[in-house]
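Inspection log for the structure reproduced underneath, given as structure tokens.
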Amino acid sequence: MKPPSPAPINSSAGKPAAPEKIGAATGRQPVADRLATVAAGGQVPAEVHDLVRREPAVLEIDQFNLWYGTKQALHAVSMPIPHGKVTALVGPSGCGKSTLLRSVNRLNDLVPSVRISGDMRLNGDSIYDPRMDVIELRKRMGMVFQRPNPFPMSIYENVVYALRIDGESNRGVLDEVCETSLRGAALWDEVKDRLSDSALGLSGGQQQRLCIARAIAAEPEVLLLDEPCSALDPIATGKVEDLIQELRGRYSVLIVTHNMQQASRSSDYTAFMYLGRLIEYGPTPDIFTKPVLRETEAYVTGRFG
Amino acid sequence: MSSDPHRPRRQRSAHASLAAHGEPWVWLTGGALSLSVAMIVGLLGFIVSQGIGTFWPRPLELFEISDDRRALGEITAEEAAPDGTRRRLVRTANFEITGRHFEWLADGEVTAVTRPPQATVVERLEGGRFHGLPLRVLKGEETLAEGDQAFAEFARLHPDVRRRIRAVWQIDKQDRGILQRRLRAARLAVVSAELSDGRDTKAWQKAHADEEKQRREIDGAEQVLNEQTARLRGANEGLGFEFATAGGERVVLPLADIVRAWQPNRLSLAEKMGVYASRWGEFLSDDPREANSAGGVFPAIWGTVAMTLIMALLVAPFGVLAALYLREYASRGPLTAAVRIAINNLAGVPSIVYGAFGLGFFCYVLGGSIDSLFFRPALVADGQPTFGTGGLLWASLTLALLTLPVVIVATEEALSAVPNSMREGSYACGASKWQTIRRIVLPRALPGIMTGLILAMARGAGEVAPLMLVGVKKLALDLPIDSSFPFVHPEREFMHLAYLIYDVGFQSPNSQAAKPMVFTITFLLVAIIALLNVTAIWIRGRIKRRYVSQQF
């Protein structure tokens, strides 16, 4: 394997896509060529629709590369995440969606072999600035994982965890945050009478909504959802999707999903990734009904991946 | 893929290998388990069956022996002699007369065996048991009762006699102890003044005068105590119980020397249970007597429990912190691997080595330094170390060191069993590493840590060898935790059940008589360890229900 370098960045990736390219999709490389180029380690320019760029961005990913040891997992990913919208990351397994998500709140710092280059900016603050306090950074974001991971404590303490670690002990404040967060996560009515029970006694779907309540308790600037429904049954999935709909507008949501229907139902924007590259990124209706690239169409219609 | 539906299913060949026929592993694993269970149950059953019967009053048999001798005793064992005849081991007691506690009687030399109803067993404060036939109860020269009334009269008089004896002990131990401690404190004040200011200085003279004053007061108080004890002893004076031994001698036993007496051949089942309960009560709540081979083991119970609990309190923080660093902070590498191997190897070091280390480092170096810094007057005045010798604290520390690997390994296992998703969830909430460990990892790992602690306690409570070097004594009646200020005396030497087993079983002058005691003490030790463990398991269960119950 070639020793990786932080340099190989396609110069066109960062620039706005020219409007005339959108209509010219049919005239582009055939599917196999483009994916084969990527598979061979080459670079292809990402198709970022113009509409995305017009939105005010809460998070800006800028030429982001990431290596696990010597294996490069993300290749010069550049994308803005619009403020107050739901943005879905889709792509086949191993394409780097989760890695990208975990890079946003620097959870990958915990993996010893990870190296990165490039940057991300949260409301203008550089995330990978050496002066950035990771702890403070993570407090500005909320994250929900694939499997529900409630903490071994009561429902109440789970929700107010972020405040507790900040040293908040005013019962009034905690009570209020607990209720608004649980209401925000559509869980309040189910658990309001047993807030002091162990969170581990909840059902899987309830646990996941509890994790969402925990993530929104600290009023995050970005909410990161890493396949939040992959361990849930269809009914619980439906509830969590409804919840994402309700969160739209109030929070900026970045969601990784495997489920095309979920992405098309619940997101405003969709980004398609493949083998660590961003391939196409645009408004969800466009990506699912008239994508610029054939590869995207092939993927969202289930012909590969 | 589809085959002919009419083709018969392939039959298993009769020659197929054994593994194809059934589940040989079930038999192997099941067999191993049954064997282990059988051995453990067998051992425990043996201990329990031997230990539980020690205090049961067994019948006294009167043997007529062919050479016109007679012997009165309990049958304790029966076996075939080398020449094929049967013989019985009889506990004949009366050591001061016959010069032995037990006697082998061959069936051939015994002409008759009877159970005289009036045969009496007497447990004495000193000299072991006495077996005899009661003649009369006397006070001085005067006969109070004789014949069949004698035992009833004894039973009427004896409780008061015992009460007075106990009152004397109480005065000797408690009240005189307080006076002795006061006197010693005054004496130490003099020495301390001499050490700091020098002789004949003002402070010294003041301390000296105070000591003189204390001494006069204490002498006065002792006088009072002496009168009290003399009065109590006087009331017991002259009371005696005269017996005839099987051999025909007449022996008078002072009532004050009798702990209890019973006539086993006459007892009903309920009365036997009364004697049984009374002997268990003495065993559990009294001080030992007769070189620990009789009486109670209360100081040893106290010492064992106190030492085990203090050890658990000491080992838990050390072990948990060490494991936390190893698992959560230290980076994986050859150094941590080496540390881990070293810790595992520590678990294999012979325990006597820990004892030697405890003696050399804790007692002599640490204790010696404490003595020369804080207990210099005592060192100078008595020439006796306070902390610079074996004691409860040093024994607990030594055992804490001994059980440290168990706790570290168990804690590490428990920490690594905490799902990483929980840690990530906590980090994602903006928690620092320490906050994550304190609020998420430790509570979740607590049941596993408790398991390690339970194992450590079980191992520590049963350990003998290192304790012999760092503070356990054959006899130490001053409890390490008692009602006299400052209540906890970590420097005191103490008694321990496991050591008592060794001492009574192998160091006793009358080992045959002490044998049942060994089983009883073993039974008690096992029961105490089980009790400690059950308590810890119950606590663990509660924690587990709160933190770990994972349902999906």
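The values are calculated or read from the model by the stated rules, or taken from the named source; none is laboratory data. Predicted model, so just to flag it, every value in this text is computed and none were measured. Glycine gets a Cβ as well: all are built from the backbone with ideal geometry, and neighbour counts include every protein chain shown.
Condition test on A:ALA236, is it surrounded by fewer than 21 Cβ atoms within 10 Å (Cβ to Cβ) and hydrophobic (A, V, I, L, M, F, W, C)? Write out each step before concluding.
Values: surrounded by fewer than 21 Cβ atoms within 10 Å (Cβ to Cβ): yes; hydrophobic (A, V, I, L, M, F, W, C): yes.
So A:ALA236 fits the description; yes.
Which numbered condition in (1) in contact with a Pro (Cβ under 9 Å, 6 or more places away or on another chain); (2) surrounded by fewer than 18 Cβ atoms within 10 Å (Cβ to Cβ); (3) at positive phi is the only one that A:ASN123 fails?
(1)
So, in region A:202-215, of the ones that are within 9 Å of chain B (Cβ to nearest Cβ) and of a type in the set (S, T, N, Q), which residue ends up nearest to the chain's Cα centre (by Cα)?
In the first step, residues of region A:202-215 are kept if they are within 9 Å of chain B (Cβ to nearest Cβ); the result is A:202-204, A:207, A:211, A:214-215.
From what is left, the residues that are of a type in the set (S, T, N, Q) are A:203, A:207.
Values: A:SER203: 24, A:GLN207: 20 Å.
Selected residue: A:GLN207.
Of A:LEU163, A:LEU137, A:LEU110, which residue is surrounded by fewer than 24 Cβ atoms within 10 Å (Cβ to Cβ) and within 22 Å of A:LEU243 (Cβ to Cβ)?
On the way: A:LEU137 fails: within 22 Å of A:LEU243 (Cβ to Cβ); A:LEU110 fails: within 22 Å of A:LEU243 (Cβ to Cβ).
It is A:LEU163.
Name the residue, out of A:SER169, A:SER154, that is surrounded by fewer than 24 Cβ atoms within 10 Å (Cβ to Cβ), small (Gly, Ala, Ser) and within 11 Å of chain B (Cβ to nearest Cβ).
A:SER154
All but one of (1) under 20 Å from B:ALA431 (Cα atoms); (2) assigned to a helix (DSSP H, G or I); (3) under 24 Å from the mean Cα position of the chain (by Cα) hold for A:GLU157; which doesn't?
With (1) under 20 Å from B:ALA431 (Cα atoms); (2) assigned to a helix (DSSP H, G or I); (3) under 24 Å from the mean Cα position of the chain (by Cα) applied to A:GLU157, the lone miss is (3).
Picking from B:ILE449, B:ILE437, which residue would you name as being within 14 Å of another protein chain (Cβ to nearest Cβ) and surrounded by 23 or more Cβ atoms within 10 Å (Cβ to Cβ)?
Values: B:ILE437 fails: surrounded by 23 or more Cβ atoms within 10 Å (Cβ to Cβ).
After ruling out the rest, the residue left standing is B:ILE449.
Considering only region B:233-284, give the strands (runs of 3 or more DSSP E) lying wholly within it that have at least 3 residues that are in contact with a helix residue (DSSP H, G or I) (Cβ under 7 Å, 6 or more places away or on another chain). Break it down stepwise before answering.
On the way: elements: B:239-244, B:250-254, B:258-262.
The strands (runs of 3 or more DSSP E) meeting that bar are B:239-244, B:258-262.
Scan A:ARG214, A:ARG265, A:ARG209, A:ARG248 and give me the residue that is out of contact with any Leu (no Cβ under 9 Å at 6 or more places or on another chain), surrounded by 24 or more Cβ atoms within 10 Å (Cβ to Cβ) and closer than 24 Å to A:ARG102 by Cα. Lay out the reasoning, then the answer.
Working: A:ARG265 fails: surrounded by 24 or more Cβ atoms within 10 Å (Cβ to Cβ); A:ARG209 fails: out of contact with any Leu (no Cβ under 9 Å at 6 or more places or on another chain); A:ARG248 fails: surrounded by 24 or more Cβ atoms within 10 Å (Cβ to Cβ).
Going through A:ARG214, A:ARG265, A:ARG209, A:ARG248 in turn, just one is out of contact with any Leu (no Cβ under 9 Å at 6 or more places or on another chain), surrounded by 24 or more Cβ atoms within 10 Å (Cβ to Cβ) and closer than 24 Å to A:ARG102 by Cα: A:ARG214.
Would it be correct to say that B:GLU328 is within 30 Å of A:PRO112 (Cβ to Cβ), among the acidic types (Asp, Glu) and at pLDDT below 90?
On the way: within 30 Å of A:PRO112 (Cβ to Cβ): yes; among the acidic types (Asp, Glu): yes; at pLDDT below 90: yes.
So B:GLU328 fits the description; yes.
A:PHE288 is checked against (1) under 23 Å from A:THR99 (Cα atoms); (2) under 19 Å from the mean Cα position of the chain (by Cα) and fails just one. What number does that condition carry?
Going through the list (1) under 23 Å from A:THR99 (Cα atoms); (2) under 19 Å from the mean Cα position of the chain (by Cα), A:PHE288 breaks only (1).
Only residues that are among the acidic types (Asp, Glu) and closer than 17 Å to B:ILE65 by Cα: list them for region B:88-114, please. If you could, list the steps in order and put the result at the bottom.
Step one: filter region B:88-114 for residues among the acidic types (Asp, Glu), giving B:96, B:103, B:107, B:109.
Within region B:88-114, B:GLU103, B:ASP107, B:GLU109 qualify.
Only one of (1) more than 17 Å from B:THR386 (Cα to Cα); (2) surrounded by 18 or more Cβ atoms within 10 Å (Cβ to Cβ); (3) of a type outside the set (A, V, I, L, M) fails for B:ARG187. Which number is that?
Just one mismatch for B:ARG187, condition (1).
List the number of the failed condition for B:THR308; all other conditions in (1) more than 19 Å from B:LEU135 (Cα to Cα); (2) surrounded by fewer than 21 Cβ atoms within 10 Å (Cβ to Cβ); (3) among the polar types (S, T, N, Q) hold.
(2)
So which of A:ALA186, A:ALA218, A:ALA199 ends up being more than 22 Å from B:LEU442 (Cα to Cα), touching a helix residue (DSSP H, G or I) at 6+ places or on another chain (Cβ under 9 Å), small (Gly, Ala, Ser) and more than 9 Å from chain B (Cβ to nearest Cβ)? Walk me through how you get there before you give the answer.
Details: A:ALA218 fails: more than 9 Å from chain B (Cβ to nearest Cβ); A:ALA199 fails: more than 22 Å from B:LEU442 (Cα to Cα).
Answer to the check: A:ALA186.
Look at region A:157-166 and say how many of its residues are facing chain B (nearest Cβ under 8 Å) and among the hydrophobic types (A, V, I, L, M, F, W, C).
Taking region A:157-166 as the starting set, the residues that turn out to be facing chain B (nearest Cβ under 8 Å) are A:161-162, A:164-166.
From what is left, the residues that are among the hydrophobic types (A, V, I, L, M, F, W, C) are A:162, A:165.
Residues that pass the stated criteria total 2.
Check region B:450-466 and report whether any residue there is closer than 30 Å to A:LEU137 by Cα and of a type outside the set (A, V, I, L, M). Walk me through it before giving the result.
Residues of region B:450-466 that are closer than 30 Å to A:LEU137 by Cα, as a first pass: none.
So far as region B:450-466 goes, no, none of its residues is closer than 30 Å to A:LEU137 by Cα and of a type outside the set (A, V, I, L, M).
I'd like the residue in region A:160-183 that is of a type in the set (D, E, K, R) and in a helix (DSSP H, G or I) and, out of all such residues, is nearest to B:LEU442 (Cα to Cα).
Residues of region A:160-183 that are of a type in the set (D, E, K, R), as a first pass: A:164, A:166, A:168, A:171, A:175-176, A:179, A:183.
The next check asks that each one be in a helix (DSSP H, G or I); those that pass are A:164, A:171, A:175-176, A:179, A:183.
Working: A:ARG164: 17, A:ARG171: 25, A:ASP175: 25, A:GLU176: 28, A:GLU179: 27, A:ARG183: 30 Å.
Out of the qualifying residues, it is A:ARG164.
So B:ILE75 clears everything in (1) touching a Phe, Trp or Tyr at 6+ places or on another chain (Cβ under 9 Å); (2) closer than 20 Å to B:PRO264 by Cβ; (3) β-branched (Val, Ile, Thr) except one condition, right? Which one?
The one condition B:ILE75 does not meet is (1).
Yes or no, residue by residue, for (1) crowded, with 24+ Cβ neighbours inside 10 Å; (2) within 24 Å of B:VAL305 (Cβ to Cβ); (3) away from every other protein chain (no Cβ under 14 Å):
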site	(1), (2), (3)
B:GLY390	yes, yes, yes
B:ALA395	yes, yes, yes
B:ILE408	yes, no, yes
B:GLU413	no, no, yes
B:ASN420	no, no, no
B:ALA431	yes, no, no
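Which members of region B:469-496 meet the condition of being among the aliphatic types (A, V, I, L, M) and not in a helix (DSSP H, G or I)?
Taking region B:469-496 as the starting set, the residues that turn out to be among the aliphatic types (A, V, I, L, M) are B:469-470, B:472, B:475-477, B:479, B:481, B:488, B:495.
Matches in region B:469-496: B:VAL472, B:LEU475, B:ALA476, B:LEU477, B:LEU479, B:ILE481, B:VAL488, B:MET495.
Can you pull out every residue in region B:238-262 that is more than 23 Å from B:VAL168 (Cα to Cα) and surrounded by 20 or more Cβ atoms within 10 Å (Cβ to Cβ)? Don't jump to the end; show me each part of the working.
Residues of region B:238-262 that are more than 23 Å from B:VAL168 (Cα to Cα), as a first pass: B:242-251, B:262.
Correct list: B:PHE243, B:THR245, B:ALA246, B:TRP262.
List the helices (runs of 4 or more DSSP H) that sit entirely inside region B:331-374 and contain at least 3 residues that are modelled with pLDDT of 90 or more. If you could, list the steps in order and put the result at the bottom.
Details: elements: B:334-346, B:351-357, B:368-374.
Passing ranges, in order: B:334-346, B:351-357.
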